Amino acid sequence: MARTILWRLLYALPIAFGVSLVCFMLVYIAPGDPLQTVLPPDANAEMIEIVKRAYGFDKPLPVQFAQWLWRAAHGDFGLSVATRRPVSLEVGGALANTMVLAVFAVPLSFAVGAGLGTLAGCAPPGRLGRTLDRLVTGTAVMGVSVPNYWLGLVLVIVFAVELSWLPASGMGMGGSDGFSVLRWADLHYLVLPVVTLALVPVGIIARSTRAAVLEVRGQDFVTTLRAKGLTELAVVRHVLKNAAPGMLAVMGLQFGYLMGGSILVEPVFAWPGSGTLLGRAIVNRDVPVLQGAILSLALIFVATNLAVDLLQAAMDPRVRRA
Amino acid sequence: MTGAAPLAELDDLRVQFGAGPDAVQAVRGVSLHVMPGEVLCLLGESGSGKSVSMRALLRLLPPQARVTGGVQVEGQEVGRLSGRALRALRGGTAAMVFQEPMTALDPVYTVGQQIAESVQQHRGGTRAAARARALEVLDLVRVPDAARRLDAYPHELSGGLRQRVVIAMALACRPRLLLADEPTTALDATVQIQILVLLRGLQRELGMGMVLVTHDLGVAAEVSDRVAVMYAGQIVEQGPVRDVLRRPVHPYTRGLLASVVRADGVEAPGIPGSPPDLRRPPPGCAFAARCPAAVGACSAAVPAEQKVGPGRTARCVRVGESVAA
Ligand SMILES: Nc1ncnc2c1ncn2[C@@H]1O[C@H](COP(=O)(O)OP(=O)(O)OP(=O)(O)O)[C@@H](O)[C@H]1O
Ligand SMILES: [Mg+2]
């Protein structure tokens, strides 16, 4: 097991390095000259030269990358072109806001998705079971195929505009800084974005859980369990324990997706999270913010995958005992 | 033995998979019984319906199977049992040992957990007591170093040991009927013999009735009290093991006996031809097409089961002649 952990950690390193390289190269990949955003339109050649030197663009690429990486490792991505605030503050604040949504959306979507999927996969034979299975599968497919920002808008129209049960957008009276999940009034602002964000993961998790459960239920040992006289509930427990590693992989992806925030959903609710930040940075060609945000999100993904790998290994006795 | 009630009984069992013209008629009117303490061997080629008949005894067939006919264990009609009574039957009154020890165990639970779970299901009691019982039965099936093996996962055991575990699991709640579906087919030859000797010994020791499914006539001769020979979903001949194997009445049984590997190791030719398509079984005797002794009457109608001696029956229109011969 210790070897497994070490190997997975070693695998993660080159990935993290590659991601950093891509983020660094954004400056060159993005259309347009990066200097144009900081230079006045009528800048002369001398001025361009000065600015170039100031930003380090005169040095060879590997040196630039090394310097950038060194600073990035210390959380320094420079200043946002749009707000002139440090990128670390912008990204940190946005990530924290997205995290607030994720903290609720992750358990919600995992519980509902895995529950629905298990229900569909274990539906008893016969008309009732088939109907149940179709219902769940239908819901799951809808969850995946309905655009979630559209659903967000519909929810806003129904619950905020028509019924006035919930606020339409924002983070409450105190805004991003005054928000607290411990305050009842602030929690109201979470409901619609969390439900909207959870929709896609619910669909995906439900479908893959159903498939995994059906696959395991077809295996021989399930007949042995029945032949032992176990209750159907006990059989389902065995099935789920066998299906768990596969489900975990899917959930890990969805976890990463929720932590990343949604570029389409967050703006619908004017939620100042990483999705909204990314969207704005793209529009503003705010390369430092893009670099900081994308690198942070990518590293969260890498870390999630690593955690999933290790959890899977810990769950499987064939790996654990090796 | 006459007069005593059978431990388990199939009465004109029919099992069909699917519906319409392409339905597979896997079992087509099987009647058999096992007495308490008796070993019945179910013989027959692959696909003849042995496993399906066995599973019917515990109602373990998949939902798409259509089952008709009587299935009784200890006088109870299995098809009409409530959920609770069915669970008490499975693993309690009657237990099953499967063909593939590699896939019959749950890979993510330890051997001890899997045995103890069965004990707790049927006897209740504490986890510790169930674990103690698990250790007891592992010792009973002579798993070496049983205390350590209790915490092993199936993949950590050899095929032979796994099959011992499966047998231990089946015996954990002292069943009165043991259904062993080709328990040794997947194992090495030397291990096969060990497992069979073990099974036979335990069956005697615990006084269980046992149905043993096998391809192997040698095993049947060694282990069983009675044999039933299946062909294409029907029992073509059954009776006490000595009589059937020494003086087979049905041409299929004779063919089987002739195709056994001889003592000198030369493999004798099998019966030429292949069994009928069970989606469209012939209207007459299913073996007629391959039978060296077939006559016109064979293809007319399925021969009835006829008594050919004490406790012996056969399905062959020429039964009278062959007994005389
Ligand atoms: N779930 C199923 N669906 C459809 N057909 C099935 C199913 N289970 C068994 N059958 C069919 O029923 C017939 C009898 O199968 P069975 O497993 O009883 O054979 P068997 O005598 O045990 O053979 P073997 O010696 O290979 O184990 C076969 O033709 C098989 O294809
Ligand atoms: Mg079989």
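What the table below lists for this structure:
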| item | result |
| --- | --- |
| Verdict on A:ALA227 being surrounded by fewer than 22 Cβ atoms within 10 Å (Cβ to Cβ), at negative phi and either in contact (Cβ under 8 Å) with a residue 12 or more places away in the chain or not basic (Lys, Arg) (or both) | no |
| Failed condition for A:ALA212, given (1) crowded, with 23+ Cβ neighbours inside 10 Å; (2) within 14 Å of chain B (Cβ to nearest Cβ); (3) within 30 Å of B:ARG123 (Cβ to Cβ) | (3) |
| Residue in the range B:136-147 that is within 14 Å of another protein chain (Cβ to nearest Cβ) and open to solvent by 10 Å² or more (accessible area, probe 1.4 Å) present | no |
| Helices (runs of 4 or more DSSP H) fully within the range B:158-224 counting 2 or more residues that are more than 20 Å from B:GLU100 (Cβ to Cβ) | B:189-206, B:217-223 |
| Selection within the range A:260-293 - open to solvent by 20 Å² or more (accessible area, probe 1.4 Å), part of a helix (DSSP H, G or I) and within 30 Å of A:VAL154 (Cβ to Cβ) | A:PRO267, A:VAL268, A:THR276, A:LEU278, A:GLY279, A:ARG280, A:ILE282, A:VAL283, A:ASN284 |
| Checking B:GLY47 against (1) in a strand (DSSP E or B); (2) small (Gly, Ala, Ser); (3) near ligand 1 (Cβ under 10 Å from one of its atoms); (4) surrounded by fewer than 18 Cβ atoms within 10 Å (Cβ to Cβ), the condition it does not meet | (1) |
| Criterion: of a type outside the set (D, E, K, R) and more than 14 Å from chain A (Cβ to nearest Cβ) - qualifying residue of B:PRO36, B:PRO62 | B:PRO36 |
| Selection within the range B:50-108 - away from ligand 2 (no atom under 14 Å from the Cβ) and assigned to a helix (DSSP H, G or I) | B:VAL78, B:GLY79, B:ARG80, B:GLY83, B:ARG84, B:ALA85, B:LEU86, B:ARG87, B:ALA88, B:LEU89 |
| Pairs where the first residue, in the range A:302-320, is within 14 Å of chain B (Cβ to nearest Cβ) and the second is of a type in the set (A, V, I, L, M) and open to solvent by 50 Å² or more (accessible area, probe 1.4 Å), C-beta under 6 Å, 6+ apart | A:ARG320/A:MET1 |
| Within the range B:169-187, tally of residues that are farther than 23 Å from B:PRO6 by Cα and away from every other protein chain (no Cβ under 12 Å) | 4 |
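The values are calculated or read from the model by the stated rules, or taken from the named source; none is laboratory data. Model, not experiment: these values are computed from the prediction. Every residue, glycine as well, gets a Cβ built from its backbone with ideal geometry; the counts of neighbours run over all protein chains shown. Ligands, DNA and RNA are stripped out before the accessible areas are found, and what is left, the full protein with its side chains, is counted by its heavy atoms. Shrake-Rupley method; radii C 1.70, N 1.55, O 1.52, S 1.80 Å.
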